[in-house]
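**Q** Input: one structure, supplied below.
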2 protein chains.
Amino acid sequence: MRVYNFSAGPAMLPLDALNVAQSELTDWKNSGMSVLEVSHRGKDFVACAAETESLLREVVGIPQNYKVLFLQGGATGQFDAIPLNLTAAGDKVNFFNTGQWSVKAIKAAKAQGLEVDVIVDRAESKYTDTPAADSFVVDPEAAYLHYTPNETIGGVEFGYVPETGQVPLVADFSSTILSRPLDVSPYSMIYAGAQKNMGPSGLCVAIVREDLLGKARPGTPTIWNYTAMAEADSMLNTPPTFGIYLLGLILKWVKDAGGLEAMGERNRAKAEALYGYIDASDYYSNPVALDSRSWMNVPFLQANSELDKAFVAEANSAGLTNLAGHRSVGGMRASIYNAMPLEGVTALIDFMTDFERRNG
Amino acid sequence: MRVYNFSAGPAMLPLDALNVAQSELTDWKNSGMSVLEVSHRGKDFVACAAETESLLREVVGIPQNYKVLFLQGGATGQFDAIPLNLTAAGDKVNFFNTGQWSVKAIKAAKAQGLEVDVIVDRAESKYTDTPAADSFVVDPEAAYLHYTPNETIGGVEFGYVPETGQVPLVADFSSTILSRPLDVSPYSMIYAGAQKNMGPSGLCVAIVREDLLGKARPGTPTIWNYTAMAEADSMLNTPPTFGIYLLGLILKWVKDAGGLEAMGERNRAKAEALYGYIDASDYYSNPVALDSRSWMNVPFLQANSELDKAFVAEANSAGLTNLAGHRSVGGMRASIYNAMPLEGVTALIDFMTDFERRNG
């Protein structure tokens, strides 16, 4: 029996995709081999990777002047790789700080010798909001502005794309990519660890506009040199083949379900149901500003925080798993990525109602 | 129907391990979740990773003063990470060059600002042999000696461990780890991409002696900082969870089969059968010196090289897959990692005999 899994990542995946992966795990396409066992340079896997890229381009709508790279090391790896590829030491960059993933990206940029100007810092709100769209000024000399459109821990999501003029915009989409329609064109670079909406951990997707290539610093690790990786179709070294394969299966599921428009409607309905219930409750609360609430990660508190462990344990027994909040926020967190059906959110709301009735 | 898959990597895996992974791919340990879907910080996965490490320590016999790290980026990533962790720019290092993986490691060390002295260079033999154990002198001032115990492309393997005195010995074991008993103690660091004897691509295992920690250069990417990763039990960021899980299943298979002693006997028998057949043949040949022949990767030529494509295609039809040689060597290559049974080698020999009879 499958449960409703509210893990922040690695996270619930579409059962349809898992079923396909399971059915062919020892014999892929009647080859007598697992996809785990085939050479990344063989024609079958090269075709598989090309199909995954093609599906991603189609589903997201990635313009032709962007390269798609399949990388390793997660978003955390990119925190170092982005400065190494896009800047020289001493360059100025701008950052928004809207949560703990922003903080990590800022720390790495500094470690790579950049002059980091944090032009928005929402630590002052304890990471419960995003800045107003007209509340910041981007330095026209900055090599780029980096921000985190969705902060997985705080459950804070931008409702708009920051305007940066001529300054390249770089964004960590790890916990929101594929969750709704995305206009790639304002971005110079988008990247995302796969382990939320795209598949297993160990795969990181980067979408890089071509004019950003060719600027890597000497000593940039070969496997993260965007130019070299683009020229090698992401096969400069052995890529994470199973992740690329599984991403392809998940993209087929997204496409068959109606693409990002349909994902957006589905995710909007899930988020509205959960936030609506929480806001109508006197027992549960969500600390995030109304215009900044994440569709993907919903932290919530209960009036009696001493019951948090009981809530998580009883929910787990009821088939609603991984609801413990991040230690820095406390309470509970429901991550409701693409693979979580509305029925899962409804089941959570029913459980919350029952838990309050028994304990509130 | 499963085939005999001679791929150099990603490569054939033990069917017993794949069967377990398949059976629980949508419901791991009756959790109602796939292992692909669970948080790396949850107790189930933390226990899984700890068990994998414990099995690796037991099967290989890793002393307590070595850390085991589960990393991303493959051996190629480590070509950059090793200089960043173990040296300062300008330091002297020694390398053996015994093939194309040595060449890549040397190139990266130079890119990281090291003064590289290639104290053994077997390009002169076209990478068909290893140096005599008394034919080189290690610079006592070198930060380390790096070598490749088994060169996957040339099919060249060392029959001894180089003597380096006080100089740390660092080795890329990607294509030979777990293939036979291994004494870790002469090494300061051993690393290996998983995708030959250990599991799927996307996971790289590093075994680092503790006294090498604490020396990373400023700007070393966080996910490759050995000290930080050791302190975080390899979970500084989201690790490649499926790879760690599958490595655990494969280590169980190795252990149940009798451990590295049994693997060594099995691999010796396979190698002796294939090399013995080739050496007795007037039609097939192997270019590698007798004392340097790899137990894992067996390149071979046929007298009429115009028939190479036909050989590979007909073998494929007969259920013997991925036998094309590397483009730099030509001919054919049979990679016969742990998961290849003796029956697969026998089937290959039978096919070679038949092919020669029809074409020789």
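**Q** Filter the stretch A:74-120 down to the residues that are of a type outside the set (Ser, Thr, Tyr) and in a loop (DSSP other than H, G, I, E, B) and list them by number.
**A** The answer is A:Ala88, A:Ala89, A:Gly90, A:Asp91, A:Gly99, A:Gln112, A:Gly113, A:Leu114.
**Q** Further question on the same structure: Can you tell me how many residues in the stretch B:239-268 are of a type outside the set (D, E, K, R), more than 14 Å from chain A (Cβ to nearest Cβ) and either touching a strand residue (DSSP E or B) at 6+ places or on another chain (Cβ under 8 Å) or free of Cβ contacts under 8 Å to residues at least 12 places away in the same chain (or both)?
**A** 3
**Q** Is it true that A:Gln78 is within 21 Å of B:Ser201 (Cβ to Cβ) and either among the aliphatic types (A, V, I, L, M) or buried (at least 22 other Cβ atoms within 10 Å of the Cβ) (or both)?
**A** Details: within 21 Å of B:Ser201 (Cβ to Cβ): yes; either among the aliphatic types (A, V, I, L, M) or buried (at least 22 other Cβ atoms within 10 Å of the Cβ) (or both): yes.
Yes; evaluated as a whole, the condition is true for this residue.
**Q** Follow-up question, since we're still on this one. For B:Ala315, are the conditions met, namely being within 25 Å of B:Thr130 (Cα to Cα), out of contact with any Gly (no Cβ under 9 Å at 6 or more places or on another chain) and either outside the structural domain of B:Ile207 (by TED's automatic domain parsing) or buried (at least 20 other Cβ atoms within 10 Å of the Cβ) (or both)?
**A** Here the answer is no, as B:Ala315 does not meet what is asked.
**Q** Which of the helices (runs of 4 or more DSSP H) found entirely inside the stretch A:211-309 contain at least 1 residues meeting this: closer than 24 Å to A:Ser125 by Cα and out of contact with any helix residue (DSSP H, G or I) (no Cβ under 8 Å at 6 or more places or on another chain)?
**A** A:259-280
**Q** Okay, next question. Given the structure, is A:Ser102 modelled with pLDDT of 95 or more, under 17 Å from the mean Cα position of the chain (by Cα) and hydroxyl-bearing (Ser, Thr, Tyr)?
**A** Criteria met by A:Ser102.
**Q** Hey, among the residues in the stretch A:1-18 that are more than 7 Å from chain B (Cβ to nearest Cβ) and in a helix (DSSP H, G or I), which one's nearest to B:Glu37 (Cα to Cα)?
**A** A:Ala17
**Q** Return the residues of the stretch B:310-328 that are of a type outside the set (Ser, Thr, Tyr) and not in a loop (DSSP other than H, G, I, E, B); say none if nothing qualifies.
**A** Taking the stretch B:310-328 as the starting set, the residues that turn out to be of a type outside the set (Ser, Thr, Tyr) are B:310-316, B:318-320, B:322-327.
B:Ala310, B:Phe311, B:Val312, B:Ala313, B:Glu314, B:Ala315, B:Asn316, B:Leu320, B:Ala324, listed by residue number.
**Q** OK, next. Has the stretch A:291-311 got any residue that is surrounded by fewer than 21 Cβ atoms within 10 Å (Cβ to Cβ) and within 21 Å of the chain's Cα centre (by Cα)?
**A** yes
**Q** Now for a separate question. Return the only residue of A:Lys126, A:Lys110, A:Lys104 being within 30 Å of A:Ser335 (Cα to Cα), surrounded by fewer than 18 Cβ atoms within 10 Å (Cβ to Cβ), among the basic types (Lys, Arg) and within 11 Å of chain B (Cβ to nearest Cβ).
**A** A:Lys104
**Q** Please go through the stretch B:205-218 and pick out each residue that is within 14 Å of chain A (Cβ to nearest Cβ) and surrounded by fewer than 18 Cβ atoms within 10 Å (Cβ to Cβ).
**A** B:Arg217, B:Pro218 - these are the residues of the stretch B:205-218 that are within 14 Å of chain A (Cβ to nearest Cβ) and surrounded by fewer than 18 Cβ atoms within 10 Å (Cβ to Cβ).
**Q** Moving on to the next point. Given the criteria touching a Lys or Arg at 6+ places or on another chain (Cβ under 7 Å) and either at the interface with another protein chain (Cβ under 7 Å from one of its Cβ atoms) or touching a residue at least 60 places away in the same chain (Cβ under 8 Å) (or both), does A:Leu25 qualify?
**A** no
The values are calculated or read from the model by the stated rules, or taken from the named source; none is laboratory data. Predicted model, so just to flag it, every value in this text is computed and none were measured. Virtual Cβ from ideal backbone geometry, glycine too; neighbours counted across all protein chains shown.
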